[in-house]
1. For labels at residue A:184 and residue A:292 in the simple 7 Å Cα→Cβ model, what's the distance in nm?
2. With viscosity set to 1.567 mPa s and temperature to 4 °C, compute the Stokes-Einstein D of the range A:1-137, Rh being the Kirkwood radius across alpha carbon pairs; µm²/s, no decimals.
3. Looking at the range A:275-331, which GluC sites (Glu not before Pro) are DSSP coil and have at most 15 other C-beta atoms within 10 Å of their C-beta?
4. Compute the distance from the alpha-carbon center of the range A:68-142 to that of the range A:1-22, in whole Å.
5. Quick one: Cα convex hull volume of the range B:32-111, Å³ per residue?
6. Ignoring everything except DSSP H segments at least 4 long, calculate the 222 nm mean residue ellipticity for chain B; use -39,500 (n - 2.57) per segment, divide by total residues, nearest 500.
7. Using 0.36 nm per residue, how much length does the chain from residue A:325 to residue A:22 gain when fully extended, once their Cα-Cα distance is taken away?
8. Using only the Cα atoms of the range B:135-266, what do you get for the radius of gyration and for Dmax, in Å?
Protein chains: 2
Amino acid sequence: MSTIHEDSVVIDTLQHSNWDRERFEQLREGGLTAVHVTLAIWENTRQALQNVAGWYRWLREHGDLIALVQSADDIERAKREGRTGVILGFQNCSPFEDDLAMVEIFHRLGIRIAQVTYNIQNHVGSSCYEPVDSGLSRFGRNVVAEMNRLGMVVDLSHAGERTTLDSIEHSARPVAVTHANPLAFQQHPRNKSDEVLRKLAARGGILGCSPYPHVFGEGHSSAAEWADAVAYAADLMGPEHVGVGTDSSFNWPDEYLTWIRNGTWTFTADGGASLTGETGWPTWPEFYSSPADFPNLTQALLDRGFSDAETSGIMGGNWLRFFREGFEPAQ
Amino acid sequence: MSTIHEDSVVIDTLQHSNWDRERFEQLREGGLTAVHVTLAIWENTRQALQNVAGWYRWLREHGDLIALVQSADDIERAKREGRTGVILGFQNCSPFEDDLAMVEIFHRLGIRIAQVTYNIQNHVGSSCYEPVDSGLSRFGRNVVAEMNRLGMVVDLSHAGERTTLDSIEHSARPVAVTHANPLAFQQHPRNKSDEVLRKLAARGGILGCSPYPHVFGEGHSSAAEWADAVAYAADLMGPEHVGVGTDSSFNWPDEYLTWIRNGTWTFTADGGASLTGETGWPTWPEFYSSPADFPNLTQALLDRGFSDAETSGIMGGNWLRFFREGFEPAQ
């Protein structure tokens, strides 16, 4: 039995579960070195502060299992200490409101990744669901520049095509797609075109591939198929530009799904990532039903023919390299 | 000519001026090693964040003159580097709103001192102007305990007598009166009774004596009289429990004084610290018309007969010792 999973730095660049001790134990069970968690979907500045403070409390209360990550060194320390590093992030720039100064405030509070927008057009840019994507706004360019200055990673996962391409171009530093799949693997608005993936890689960016049913494809169910998505991206981008971003979202009631889809922006039920209108959480594939299943992902990559080094890179080494530069302040 | 001023760590535990480069240059001219500045008078959480971010910007733009202080070591570094350390503080717990978690948020953002209340009764306690002071509230006790845990200094300068005594008693760590005078030296609601000063010192606290006209006394105008106030406190508390807190507030229009007095709590003009009803800023005594005059304070203490060691302690050494313990997290 290969020890490649145990020996590797294993990083998941998106999990947004309803956290409790059992969920933190699953991270350890899955051998996760670090996980990017979500502190804002629709929250404004004030509301996001409460989520930050809530994570500080969890980090104190479950310090035997999890540890705060503010730098790549913190990820390596977590590996040595047998804890799972927690990278604090936003899935929306809503906590910045229209105030450029809030980027530095949240950076100082520990936020290291922010997605330009969640499911709608905001001050910064457009989501992949907007009928017209006008690209990165003037404020958006300022936000990207400020994130570049501070060392906060720009995440384009839910962004529309033009906003994504604009951000890749305007960012002075590599950007990330923390959780999506190649569009050619699965047609879905959230997945990324070949053009985006090529330009992302050309600028040093990484795609985190996801088994989340809506973007993985309802017709896909096997670990081998997930490895196909990874292989497609690796062929196009180079294996060093591919990682894992599961978009894990466990332990939530269906009402929470309604909230993250509708927020306060619509009074009519929005489908979000569901293109077929069902309202509940989708059923995860059997090979990935919780973060404890992470070794299955490593095995799927090895079975697909990735070398040990490539597999180790995709499972976390690539993100570690990316974060080592991305979490440092600009020179 | 004595070099005691130049050789000492010089600390002023309150200045709330309308800051600009000229004001920062005056700090250097006065030989100030560190100054406690005010980021909130009436501000709520969201508004206080903007003030924090504004100071981050000033610290970047005027980094040749000022430097952020988060520990006693930072004060000593400022002394070595010939810059003035800036200790970020609140004159009100209003930025915490009624949310205990905000104490940690602002501590992490760099806030190291918070006054329990400004001029009114709030969630935490009562000011010295309230007809009935009910003391430290249940939320107030939680806030004090959280500040104790984190290493944020409790400031009782504007607090009422009962709130002050309650805070001294309930705080597990020494507390401070950053800017006031002995009541016996000058009758004013803001000044502190002998009982308060004795109990403050008995618990390791410090009083910062102020030449601010309203609390210094309109009839007092000389540096020798300011040294009398210090001497009274030193006799009562011991010279190691006395420091300087000027309450400097320069470069503001009169409209700002109206704002800090009235906030949003009254539609009728409130006199604030003025007991005689005048509405403009008071005239500062000739010996202290800006922080550039700080050497006059040192000289006044020497002239009053304080030893070099006592003078150096009162001018800043005492506060440095206090902050070395007070800014550390609880064991």
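1. With each label placed 7 Å out from Cα toward Cβ, I get 3.8 nm.
2. D = 81 µm²/s.
3. Working: sites: A:278, A:286, A:310, A:325; in loops: A:278, A:286.
For GluC sites (Glu not before Pro) across the range A:275-331 that sit outside H, G, I, E and B with at most 15 neighbouring Cβ atoms in 10 Å, the list reads A:278, A:286.
4. 21
5. Details: hull volume 6.2 nm³, N = 80.
Output value, Cα hull per residue: 77 Å³.
6. That comes out to -11500 deg cm²/dmol.
7. Details: separation 303, 0.36 × 303 = 109.08 nm, distance 3.24 nm.
Full extension of this stretch gives 105.8 nm more.
8. For the range B:135-266, the Cα radius of gyration and maximum Cα-Cα distance read 15.3, 43 Å.
We did not get these values from a lab; they are worked out from the coordinates using the rules stated. Given the structure is predicted, the values throughout are model-derived calculations rather than measurements. FYI the Cβ positions are ideal-geometry reconstructions off the backbone, even for glycines, and counts take in every protein chain you see.
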